[in-house]
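A.B. asks: The structure's right below; bear with me while I get my questions together.
The values are calculated or read from the model by the stated rules, or taken from the named source; none is laboratory data. Quick caveat: nothing in here was measured; it's all calculated off a predicted structure. Don't worry about glycine lacking a Cβ; one is built from the backbone with ideal geometry, like all the others, and counts go over all protein chains shown. Just the protein is used for accessible areas: all its heavy atoms, side chains included, with ligands, DNA and RNA removed. Shrake-Rupley method; radii C 1.70, N 1.55, O 1.52, S 1.80 Å.
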Amino acid sequence: MSIPGRPAPDAPPATGTPAGPRAHLLTNGTAEQYRRVLAEGIDRVSARIARTDRPFTGVTPAALAPTVAAVDLDRPLADPAAALDELEDVYLRDAVYFHHPRYLAHLNCPVVIPALLGEAVLTALNSSLDTWDQSAGGTLIERRLIDWTAQRIGLGPAADGVFTSGGTQSNLQALLLAREEACARATTPRRDLLPRLRVVASGAGHFSVQKAATLLGLDADAVIALPTDANRRMCPDALRAELARCHADGLTVMAVVATAGTTDFGSIDPLDAIADRCAAAGVRLHVDAAYGCGLLVSPTRRHLLAGIERADSVTVDYHKSFFQPVSSSALLVRDGEALRHATYHADYLNPAPRATGEQLPNQVDKSLQTTRRFDALKLWLTLRMMGPDAVGSLFDEVIDRADGAWRLLAGDPRFEVVTRSALSTVVFRYLPTGPAEALADDANRYARRALAASGAAVVAGTKVDGRQYLKFTLLNPETTLDDVAHVVDLIAGHAGQYVHERATAVTPCPVG
């Protein structure tokens, strides 16, 4: 039976191309237009990437801001070609291109093509991974990938997890679960316990741990940063002493956060020894493997993560060492029941099973987010088209390259190098000799700015023991040692010029 004036439910779709605003909606009537417009956009990006000969133009905020500000957002352009022409001016021309082999700054990776295919599919279908009735197969794909990752880690049959927006969100949720588990075990009232909760982490760990503690309402001094050894790794003996001190002071350590791949040094904490200390003290262990998770698929270096299987929760960022587009990350937990602390039921969305009698696999029951992209599809297609060994071999390549860069810098008298990374970072600085050594901090800051302004390469900067250093982060297998050597010479040239000009400026001219 059909409603008068309307087609029957099984009637074929209407023909013809919609007009007006509806022409911009992706529907069965605009499928060909969708294909044509995206193809034009892909052609533009492909051509731009093919001809990009440096990672950055060196544009400054002051130079680019007027161009963006001049765009009248209330007056749309005539067609996609005009919009893409404008996009060249406001974005594509001056974008930072991570695929370029001389982009050596942050944990931004070039991305694999299968993941870009996944990105195109997931954005067109626009599935939301909060409930089964919005995602169906997407829910099962994400769950399968969570199981696969948990198996790679070795968390056991009760493990579970959920995709997140990145390492910061994963660490936040891990500490939320730790806080709630600590409160559930406590015999004292929650209001009395919260000020006494502590998180113990490495001094080289990620700032998101401190941010999470703040967001969770913990005291300002709740995060205790432990000293590191010469390789910038957490000291197990210092951890044991700190756990004993907290116990003696009546403080509750709700979690220890170990790191498998620190952002600056690529250091991996001694996970087995840390797990021993946590087990002895009855403390929850979280491992932030946002960077080092690529070792899970490494054909040669999986052993570097020994002990991670003993963690209670693990952060992974596929959009770092799995070569995925942002965002693609996850939180894994040993005991899936712990995810109940993120569960809230809404009658319109995910009513409690007892209210409906249904046991639907709603991912919102595990997530801090409600509406959420189907980012798991990118990893799914990557594994189905490339396989994990291929992804791991790419990560092995960049680790090998970083080791070569460390050896190159360690043998160059113009530079001082810090610890040898287990992953793909190199922290170093240009070091003038003699009285000019006092200019080292400013010289390295200047060299980084000058290099970026030239657009020839992009490197990162950081502080080590209060002094200014530079950092290479290698995540591009296309980067060669020749690329690294060229950038090293550019840095030495800029820093040396700065030192020379400063020395000349303060040296009085000889008399006579």
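A.B. asks: Per the Debye formula with a single identical scatterer at each Cα and no solvent contribution, what log10 I(q)/I(0) holds for the stretch 14-67 at q = 0.13, 0.14, 0.32 Å⁻¹?
C.D. replies: Rounded to two decimals, the profile gives -0.59, -0.63, -1.15.
A.B. asks: Of the accessible area of the stretch 251-303, with the probe set at 1.4 angstrom, what percent is carbon plus sulfur?
C.D. replies: Answer for the stretch 251-303 is 54 percent, counting heavy atoms of protein chains only.
A.B. asks: For a Förster distance of 35 Å, can you work out the FRET efficiency between the beta-carbons of Arg75 and Met385, rounded to the nearest 0.05?
C.D. replies: 0.25
A.B. asks: Cα atoms only, the stretch 137-290: Rg and Dmax in Å?
C.D. replies: Calculated on Cα positions, Rg and Dmax stand at 15.7, 51 Å.
A.B. asks: For all pairs of alpha-carbon atoms in the stretch 263-328, what percent lies in each bin of width 10 Å, listed from the first bin to the last filled one?
C.D. replies: Using 10 Å bins, I get a P(r) of 21, 50, 25, 5 for the stretch 263-328.
A.B. asks: Same structure, new question: Within the chain, which is the longest segment that contains none of the GluC sites (Glu not before Pro) sitting in a DSSP loop with at most 14 other Cβ atoms within 10 Å?
C.D. replies: 1-357
A.B. asks: Could you tell me the largest-minus-smallest coordinate of the C-alpha atoms of the chain on each of the three principal axes, in descending order and whole angstroms?
C.D. replies: The principal-axis extents, from largest down, are 108, 66, 42 Å.
A.B. asks: Can you classify the stretch 20-122 as rounded, prolate or oblate using the Cα gyration tensor, where a ≥ b ≥ c are the square roots of its eigenvalues, rounded means a/c under 1.5, and otherwise it's prolate if a/b beats b/c and oblate if not?
C.D. replies: It is oblate, given that a/c is not under 1.5 and a/b is not larger than b/c.
A.B. asks: Then there is this: Using only Cα atoms, what is the ratio of the radius of gyration of the stretch 126-189 to 2.2 N^0.38 Å?
C.D. replies: Normalised Cα radius of gyration, the stretch 126-189: 1.39.
A.B. asks: While we're looking at this one, here's another question. Over the stretch 56-160, give the accessible area per residue in Å² for a 1.4 Å probe, as an integer.
C.D. replies: Here the per-residue accessible area is 53 Å².
A.B. asks: Which three semi-axes in whole Å describe the equivalent ellipsoid of the stretch 213-259, each the square root of 5 times a Cα gyration tensor eigenvalue, listed largest first?
C.D. replies: After scaling each eigenvalue by five and taking roots: 20, 15, 8 Å.
A.B. asks: Report the percentage of all Cα-Cα pairs in the stretch 164-205 whose separation exceeds 13 Å, rounded to a whole percent.
C.D. replies: It works out to 62 percent of all Cα pairs.
A.B. asks: When every alpha-carbon pair in the stretch 286-403 is counted, what percent end up more than 26 Å apart?
C.D. replies: Result for the distance tail: 33 percent.
A.B. asks: Something else: Leaving out ligands and nucleic acids, note down the accessible area per residue over the stretch 253-342 with a 1.4 angstrom probe, in whole Å².
C.D. replies: Per-residue accessible area for the stretch 253-342 comes out at 25 Å².
A.B. asks: Per residue, what accessible area does the stretch 353-486 have, given a 1.4 Å probe and all protein chains present, in Å²?
C.D. replies: 43
A.B. asks: With the radius of gyration and the Kirkwood radius both derived from the Cα set of the stretch 199-303, what is their ratio Rg to Rh?
C.D. replies: 0.97
A.B. asks: Compute the FRET efficiency between Asp133 and Lys211 as 1/(1 + (r/R0)^6), taking r as their Cβ-Cβ distance and R0 = 35 Å, and round to the nearest 0.05.
C.D. replies: Calculated transfer efficiency: 0.55.
A.B. asks: Sorted by accessible area (1.4 Å probe), largest first, how do Ser46, Ser208 line up?
C.D. replies: Ser46, Ser208
A.B. asks: If you don't mind, another one. Between Ala248 and Ala436, what is 0.36 nm times their sequence separation minus the Cα-Cα distance? Round to one decimal in nm.
C.D. replies: So the chain would gain 62.7 nm between Ala248 and Ala436.
A.B. asks: Once you have all Cα-Cα distances for the stretch 344-391, histogram them in 5 Å bins from zero and send the whole-percent values.
C.D. replies: All Cα pairs considered, the percentages come to 5, 17, 20, 13, 12, 13, 9, 7, 3, 0.
A.B. asks: Summing Lys, Arg as +1 and Asp, Glu as -1, what charge do residues with Cβ under 15 Å from the Cβ of Gly29 carry, Gly29 excluded?
C.D. replies: +2
A.B. asks: Could I ask something else about it? Rounded to the nearest Å, what's the spacing between the alpha carbon centres of the stretch 30-66 and the stretch 415-486? Just the number, please.
C.D. replies: Between the Cα centres of the stretch 30-66 and the stretch 415-486 lies a distance of 30 Å.
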